[in-house]
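Engineer: Below is a structure I'd like to ask you about.
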Amino acid sequence: MLSPRLLAVLDLVEGRVLADIGTDHAYLPIEACRAGKCETAIASDINAGPLKIADFNIREAGFIEKVETRLGDGLQSIASGEADCIVITGMGGMRIMGILNDDKIKNARLILQPQHDLEALRRHLHAHHYDILCEKLVREADRFYVIICAKKADTIIPWSDKKYFLGNADSKHWHDYLQQRRGKIERYIHSIHNAAPKQEAEKQLQWLKEALETCVL
């Protein structure tokens, strides 16, 4: 059974060949094939240990002809244009940005779940002509996860600084997510004394307050 986070990722999967980068135990590729979200899948990971477990899970699920495991860092194990849907989850935004600079992506649909540096990742996507199709916000206990779906586009309409910071998710958890972010940034403001970063953080805090005021519970 997939976690709420991976279920939200699965819902966004579309394509013929799925590449799950940093697959861990291949739960997502297995369920994507089972649900008919893709025809075949590549479960890629930098560590051999998780891939051994992934191989076992694939055999147990009966998908050895559908899901293939590969050992590699980032997109090293994927041929250029091989996958038309690429999932990268559970990594930092900066790490994801580094992987996205690989020209093997071509015109693939991207499903990304950064652990942090979301604003930087959104800006990077637009700067490299990826349109952000949608964002999903998922809650697991006290943790929130933002999932970004993007694809190459000829024309990109840049967002405002406020939107790059807040994101574009539509979720029943939006209010609680904003409240958590507000608490974190208030603690940060109280902990720093450097004028420039403090001023930027205070601007971001104001954006969060404005968003909370218009949030429908």
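Engineer: Out of the residues in the range 91-123 that are part of a helix (DSSP H, G or I) and farther than 18 Å from Gly22 by Cβ, which is most open to solvent (accessible area, probe 1.4 Å)? Break it down into steps so the answer makes sense when it comes.
Structural biologist: Pass one, the range 91-123, residues part of a helix (DSSP H, G or I): 93-100, 103-105, 118-123.
So of that shortlist, the ones also farther than 18 Å from Gly22 by Cβ come out as 103, 119-120, 122-123.
Details: Asp103: 115, Glu119: 51, Ala120: 38, Arg122: 2, Arg123: 88 Å².
Among residues in the range 91-123 that are part of a helix (DSSP H, G or I) and farther than 18 Å from Gly22 by Cβ, the one most open to solvent (accessible area, probe 1.4 Å) is Asp103.
Engineer: Continuing with this model, one more query. Taking the range 78-89 only, how many residues are closer than 10 Å to Ile21 by Cβ and touching a Gly at 6+ places or on another chain (Cβ under 7 Å)? Even if it seems obvious, please write down each step before you answer.
Structural biologist: Of the range 78-89, the ones closer than 10 Å to Ile21 by Cβ are 78, 83, 86-89.
Adding the requirement that they be touching a Gly at 6+ places or on another chain (Cβ under 7 Å) leaves 88-89.
The total comes to 2.
Engineer: Shifting gears a bit: Would you check if there is a residue in the range 65-78 being closer than 18 Å to Ala8 by Cβ, among the basic types (Lys, Arg) and surrounded by 17 or more Cβ atoms within 10 Å (Cβ to Cβ)?
Structural biologist: Keep residues of the range 65-78 that are closer than 18 Å to Ala8 by Cβ, which gives none.
No, because not a single residue in the range 65-78 is closer than 18 Å to Ala8 by Cβ, among the basic types (Lys, Arg) and surrounded by 17 or more Cβ atoms within 10 Å (Cβ to Cβ).
Engineer: Can Lys184 be described as assigned to a helix (DSSP H, G or I) and out of contact with any His (no Cβ under 7 Å at 6 or more places or on another chain)? Let's see the steps before the verdict.
Structural biologist: Working: assigned to a helix (DSSP H, G or I): yes; out of contact with any His (no Cβ under 7 Å at 6 or more places or on another chain): yes.
Yes, satisfied.
Engineer: Quick check: is even one residue across the range 154-170 surrounded by 12 or more Cβ atoms within 10 Å (Cβ to Cβ), modelled with pLDDT under 95 and touching a Lys or Arg at 6+ places or on another chain (Cβ under 7 Å)? Please lay out each step first, then the result.
Structural biologist: Of all residues in the range 154-170, those surrounded by 12 or more Cβ atoms within 10 Å (Cβ to Cβ) come to 156, 159, 161-169.
Imposing the further condition that a residue be modelled with pLDDT under 95 reduces the set to 168-169.
Narrowing further to those that are touching a Lys or Arg at 6+ places or on another chain (Cβ under 7 Å): 169.
Among the residues of the range 154-170, at least one is surrounded by 12 or more Cβ atoms within 10 Å (Cβ to Cβ), modelled with pLDDT under 95 and touching a Lys or Arg at 6+ places or on another chain (Cβ under 7 Å), which makes the answer yes.
Engineer: Same structure again: Which members of the range 79-88 meet the condition of being buried (at least 18 other Cβ atoms within 10 Å of the Cβ) and either free of Cβ contacts under 8 Å to residues at least 40 places away in the same chain or assigned to a strand (DSSP E or B) (or both)?
Structural biologist: Passing the criteria: Cys85, Ile86, Val87, Ile88.
The values are calculated or read from the model by the stated rules, or taken from the named source; none is laboratory data. No experiment lies behind these values; they were computed from the predicted model shown. All Cβ positions, glycine included, derive from the backbone under ideal geometry; neighbour counts span all protein chains shown. In case anyone asks, the SASA skips ligands and DNA or RNA and just uses the protein heavy atoms, side chains included. Shrake-Rupley method; radii C 1.70, N 1.55, O 1.52, S 1.80 Å.
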